[in-house]
Amino acid sequence: MISLVSGTVAVRRGDHVVVDTGGVGYRLAASAETLRHVPAVGKSVVLHSHLVVRDDALALYGFATEEERELFLMLIAVQSVGPKVALAVLSGGPPRDLLAAVAAGDTARLQAAPGVGKRTAERIVSELREKVGATASVPAHVTAVRSEDPRGLARDGLVGLGYTALEADELLDGAEGEKPEDLIAHALRTARR
């Protein structure tokens, strides 16, 4: 498995990059989000990668961060979501924002990606929502899980998405809703402003 490619950018296009590593050029398909982080031709680059082996091809995919690669792997595990659709979804923004959209059930955000219809977006949310929630970690200073408090669950969810406890509290300030999902969705809309 090729999990990391480092070298010099030889070619940079709208959907891929070629990295020259020791005289061998590796073509890595990449999302628009990753391509934003790829430097100009002739500069050094390090990309996390994933190799997809099919009957008719070996396809290498590149990612600016390990977090983006992990989200890619989660997406291609969803029924009827292939690498091309996964890259389209990843092109929709930073992985943290996309994970938040999945956690909040924001299918409209996913449908904005080319090739993602309503059914596919709903399938992504239904299959990944639990996985995204399972990756949410509770900070050490939180001693009890507040299973009946929607605001507490929303705060924990935001912390699991990478926000600090203070940021989560600020984002939830003034949020209205009875379910954690509603509160998280409001907080994420506030964060985008």
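Every residue in the stretch 112-136 that is part of a helix (DSSP H, G or I), more than 18 Å from PRO95 (Cβ to Cβ) and at pLDDT below 90, please.
Of everything in the stretch 112-136, nothing turns out to be part of a helix (DSSP H, G or I), more than 18 Å from PRO95 (Cβ to Cβ) and at pLDDT below 90.
Condition check: without any contact (Cβ under 8 Å) to a residue 24 or more places away in the chain and in contact with an Asp or Glu (Cβ under 7 Å, 6 or more places away or on another chain). Does THR107 satisfy that?
Judged against the criteria, THR107 is a match.
Here is a list: ALA187, ALA175, ALA165. Which entry is outside the structural domain of VAL102 (by TED's automatic domain parsing), small (Gly, Ala, Ser) and at pLDDT below 80?
Just a single option satisfies the conditions, and that option is ALA165.
Residues LEU47, LEU60: which one is at pLDDT 95 or above, surrounded by fewer than 21 Cβ atoms within 10 Å (Cβ to Cβ), more than 12 Å from ARG12 (Cα to Cα) and touching a strand residue (DSSP E or B) at 6+ places or on another chain (Cβ under 6 Å)?
It is LEU60.
Quick check on the stretch 80-88. Is at least one of its residues buried (at least 19 other Cβ atoms within 10 Å of the Cβ), at pLDDT 95 or above and not in a helix (DSSP H, G or I)?
Among the residues of the stretch 80-88, not one is buried (at least 19 other Cβ atoms within 10 Å of the Cβ), at pLDDT 95 or above and not in a helix (DSSP H, G or I), which makes the answer no.
Just checking, how many residues over the stretch 1-41 are in a loop (DSSP other than H, G, I, E, B) and either at pLDDT below 95 or closer than 27 Å to PRO114 by Cα (or both)?
14
Within the stretch 169-193, restricting attention to residues that are of a type in the set (Gly, Ala, Ser) and over 15 Å from ASP97 (Cβ atoms), which residue is surrounded by the fewest Cβ atoms within 10 Å (Cβ to Cβ)?
For the stretch 169-193, the residue satisfying everything is GLY174.
The values are calculated or read from the model by the stated rules, or taken from the named source; none is laboratory data. Every value quoted in this text rests on a predicted model; they were computed, and no experiment measured them. As a convention, Cβ positions derive from the backbone with ideal geometry for all residues, glycine included, and neighbour counts pool all protein chains shown.
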